[in-house]
Ligand code: C5P
């Protein structure tokens, strides 16, 4: 019988910024209750899944050697999860081309897991719908459902329960990539530590009403003062040099700067694309980060790249 080997599937998946990250108390399961507004932005990884005799993960691109290629990579967990669901043996070759900063607070690992879910669904011709895929995603990591979905969304629970948020037009960002990474669990632990030591009861993010209105209006000037990240003090405590990065971004003319998620990547909001180019040039000259990128959002979540667009 003639057997047809399926063609490799390539998936593009975006980074995220938390425009609002309200962190509640530590839960019994070791996670913190969140209220967060995610935006997917145009820094992306490309992930190719191909049939193979044995499982492998290869990583190329910026800082690729800092990414594990074994079972500790969330992409590996994603293969296990989908193989268990569909009955496949899970022997695939995964190639990840990093465009999302590694350990940067932009959900790079979660993005790769989401891309593997989408890629394998196509490769294995399985008929899992997006809702089921989202449940599988939530079991892999708190940010994986958003990496699947993209756009702009409000996340609650661990961040995995999502509802779409109205966002008009595009927002323009300058992204400052730091020299090192931060571990997400360590940043949450540092926040707990800072909160335990605060006698006065520290400021916490309120509901993101003003931020949601600014998004609906497509108004960057209104969005700027509403950006808020409860993890920022913890990231700054673990990496104090980020204060200089944040200051340099606003001195370069950005409307506002914020640590992205658990950091250490910083994101600077700009008026428009031209303004972002100017701010990026100025920030690159300030010598406060490893590299400077430009991005816009919202963009879609993990998507198969059609064959004809692969160059
Ligand atoms: O869900 P994920 O595996 O990405 O989370 C990594 C770690 O970040 C968790 O083990 C936990 O320490 C911390 N975290 C948290 N509260 C959340 C999400 C993540 O404390 N809502």
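What follows draws every value from the coordinates through simple rules; no lab data is involved. Since we're looking at a predicted model, the values are computed, not measured.
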Run through the DSSP bridge list for the chain and note the antiparallel percent, rounded to the nearest 5.
85 percent
Taking only Cα atoms and a 10 Å spring cutoff, compute GNM fluctuations for the chain and point out the largest among 83, 280, 113.
83
Cα extents of region 9-165 along the principal axes, largest first, in whole Å, come to 45, 33, 29
Rounded tilt (10° steps) of 74-86 against the dominant C-alpha axis of the chain:
40 degrees
Helix 130-140 versus the longest principal axis of the chain: what is the Cα-based angle in degrees, 0 to 90, to the nearest 10?
70 degrees
Going out from 0 in 5 Å bins, what whole percent of all Cα-Cα distances in region 171-297 drops into each bin?
2, 12, 20, 21, 19, 15, 9, 3, 0
Note on region 9-165, DSSP bridge orientation, antiparallel percent to nearest 5 equals 85 percent
Going out from 0 in 10 Å bins, what whole percent of all Cα-Cα distances in the chain drops into each bin?
6, 28, 34, 22, 8, 1, 0, 0
If one builds a Gaussian network model of the chain from Cα atoms under 10 Å apart, the most fluctuating residue listed among 229, 63, 18 is 63
Calculate how steeply helix 242-251 sits against the longest principal axis of the alpha-carbon atoms of the chain, using the helix alpha-carbon long axis, and give the answer as 0 to 90 degrees to the nearest 10.
70 degrees
